[in-house]
1. Given the rule -39500 (n - 2.57) for each run of at least 4 DSSP H residues, summed and divided by the residues of the chain, what is its mean residue ellipticity at 222 nm, to the nearest 500 deg cm²/dmol?
2. Need one number: the % of Cα-Cα pairs in the chain sitting beyond the 29 Å mark.
3. Residues with beta-carbon under 13 Å from that of E182, excluding E182: net charge, scoring Lys, Arg +1 and Asp, Glu -1?
4. When the chain is fully extended, how far beyond the present Cα-Cα distance does D286 get from A190, taking 0.36 nm per residue of separation?
5. To the nearest 10 degrees, how steeply does helix 103-176 sit against the main Cα axis of the chain, on a 0 to 90 scale?
6. Got a sec? What order do S97, S288, S276 fall in by accessible area at 1.4 Å, biggest, i.e. largest, first?
7. In whole Å, what is the distance between the alpha-carbon centres of the range 208-277 and the range 57-71?
8. Give me the percent of the accessible area of the range 201-330 that comes from carbon and sulfur atoms, probe 1.4 Å, all protein chains in place.
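The values are calculated or read from the model by the stated rules, or taken from the named source; none is laboratory data. No experiment lies behind these values; they were computed from the predicted model shown. Glycine gets a Cβ as well: all are built from the backbone with ideal geometry, and neighbour counts include every protein chain shown. The protein model used for the area step is the full one, side chains on, heavy atoms only, and it has no ligands, DNA or RNA in it. Shrake-Rupley method; radii C 1.70, N 1.55, O 1.52, S 1.80 Å.
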Amino acid sequence: MGRPAMKRPAAAASASPAKKPARRDPALGKLKAVGTALSAAEGYPEQVIQMFAATLEHSLLVPAPDRHESQNAVISMIGEVLASEQTRFRDQAAAMSITIAEADSSKVLREKAVAETAAAATAAGEALEASKAALKEAIANVATAQAALTEAKATQKTGDADLTKAGDRKAQLESCFTGPYEAAKQGADASALKAVLDTGKAFGFEAQLLTSAEAALAKAPAERGGFDGLVMEQMEQEFAKQIAALAATLSEGAAGMAERASKVEAAEKSVETATSHKESSKEGVDASQKALSEASSAAKAAEKALKEFGPELAKAASALAKAESAVKVAEEVQAFYAELRDRTSAEPPEEPEPPAEAPADAEMATEAIAEALPEA
C-alpha cells in the first residue's frame with residue numbers, strides 16, 4: 001500500500017523537486033551494529049563467531065512470529081555472546097577505576113620502594129668495602145704466619161743441627177760396635193777389622209789403643225792372650241763411653257728440640273688457619289659483590305617503576321575512558337539486539353526522513369563500536 005507524499009516547506013516550493021531517497025529498513029543499521037560488536041567478541045572460537053555473523057540476516061531480521069526453533073536458538077546464543085561482552089567491558093572499566101582510585105597509595109609504595117632499595121644498595125656497598133678490607137687483612141695475616149713458620153723452621157734447623165749430628169754419630173758407633181767390632185772379635189776377615197779401625201780414628205780413639213786393637217783382633221780368638229783381652233776390654237769401654245756421652249748430649253737437648261718442633265707445628269697451624277680465613281674472606285667478597293649487584297638492580301628497577309607511574313596512570317585513565325565508552329556502546333548494541341529480537345513485523349515504521357548529513361543512530365553506533373571496543 002502506497003504512502004501519501006509529504007509536502008515541502010513553502011520556502012522551498014520554488015526550488016526544483018529533488019528525487020526522494022528510497023526509504024530503507026532501519027533494522028539493517030541496527031543489525032550491522034550487532035554484527036560489528038559480535039565480530040569483536042573475545043573468548044569464543046573464531047568459527048563460532050563467523051557462523052553467528054553469517055546467520056544474522058536469517059535470524060534477527062526475521063520477525064519473531066515467523067522464526068522457527070533453530071533461529072530462536074541462534075538468536076539466544078548471540079544474546080549470550082553480547083551479554084558476555086557487556087560484562088567483560090564492565091569488568092574492565094571497574095578494574096581501571098580501582099587502579100586509578102589506588103593511584104595515590106601505589107605511588108607511595110613505589111616511593112617507599114625507591115628509598116628502601118637505595119638504602120639497601122648503600123648498605124651492600126659498605127658491606128663490600130668491609131669484606132675487601134677483611135680480605136686484605138687476611139692476606140697480610142697469611143704472609144705474617146708464613147714468615148713466622150719460616151723463622152721457626154730456621155731456628156729448628158740451627159738448634160737441631162748439633163743434636164742431629166750427635167744422633168747420627170751415636171748410631172754410627174752403635175752400628176760399628178754391634179756389627180764390625182763383634183765380627184772382628186769373633187775372628188772375621190780383615191774388612192771387619194778395617195771398619196773398626198776407621199771408626200775408631202773418626203771418633204778420636206787413642207792411636208796406641210787402635211794399634212794394640214789391630215794386633216789383638218787380627219789374631220784368631222784361640223791365639224789371643226791376656227794382653228789381647230785387656231786391649232779389647234779397653235776398646236769396648238771406649239765405645240761405651242762415647243756412646244754414653246752422645247746419649248747424654250741428646251738427652252740434654254731433647255727438651256729444646258721438642259720445643260722447637262712444637263713451635264714449628266704451631267706456626268704451620270697458624271698458616272693453615274690464616275689461609276682458611278683468607279679463603280673464607282675471599283668468598284665473603286664474592287658474596288658481597290653479588291649482593292651489591294642484586295641491590296643495585298633492585299634500586300634501578302624501583303626508580304624505573306616510579307618514573308613509569310605517571311605514564312601508567314595516564315594510560316589507565318585512557319583505558320578507563322575507552323572501557324566506559326565500550327560499556328555504553330555495548331548497552332546500545334544490547335538495545336538494538338533486544339529490539340530486533342522482539343520485533344513482530346518486518347515492515348519499517350513510518351518516520352520522517354532524516355537529513356542527508358545526519359546518519360541514523362544505528363550507523364553512528366556501528367562506527368562507534370569499531371572505535372570504542374578495546375583491541376583484542
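1. About -27500 deg cm²/dmol.
2. 74 percent
3. Neighbour charge sum, excluding E182 itself: -1.
4. Here the answer is 27.1 nm.
5. Once rounded, the angle reads 10 degrees.
6. So, going from the largest accessible area down, we get S276, S97, S288.
7. Cα centres, the range 208-277 to the range 57-71: 129 Å.
8. Exposed carbon and sulfur together represent 56 percent of the surface.
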